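The values are calculated or read from the model by the stated rules, or taken from the named source; none is laboratory data. Note that the coordinates shown come from a computational prediction; the quantities given were computed from them, not determined experimentally. Positions of Cβ are backbone-derived with ideal geometry, glycine not excepted, and every protein chain shown enters the neighbour counts.
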């Protein structure tokens, strides 16, 4: 059993900033057609078709994912395939293996060399 002195030491070692961030996960074998809203980060590894509205949270589209949706999120990382328009209050980041077809409106946009993008980009100041 830990005494209170040891508990304090442990909680200092494992502060909130050191712990991994929690996120909802749509696994690789999931195929969803829906309108999704929420207040937590989201990782998509499977197929999603519809609308995603997590405007105060981050979205990650993994390399084997296929997303056909209108998307609103804070930060969006694309490693897989996305078709649809994106509105981001933060950054949209398309990695080397990412593919995006649609329009992007965001405060920051980064497209790595080798990534595929077809559409228009619009830099915005801030979305409320």
Checklist entry - Hey, residue 57 hits all of (1) outside any strand (DSSP E or B); (2) exposed (fewer than 14 other Cβ atoms within 10 Å of the Cβ); (3) touching a strand residue (DSSP E or B) at 6+ places or on another chain (Cβ under 8 Å) but one; which does it fall short on? => result (2)
Next on the checklist: I'd like to check which strands (runs of 3 or more DSSP E) are fully inside the stretch 4-45 and have at least 2 residues that are modelled with pLDDT of 90 or more, within 12 Å of the chain's Cα centre (by Cα) and within 30 Å of residue 70 (Cα to Cα).
Outcome noted: 24-26, 42-44
Item to check | Every residue from the stretch 90-128 that is crowded, with 19+ Cβ neighbours inside 10 Å and over 17 Å from residue 49 (Cα atoms) | outcome: 92, 93, 94, 98, 104, 106
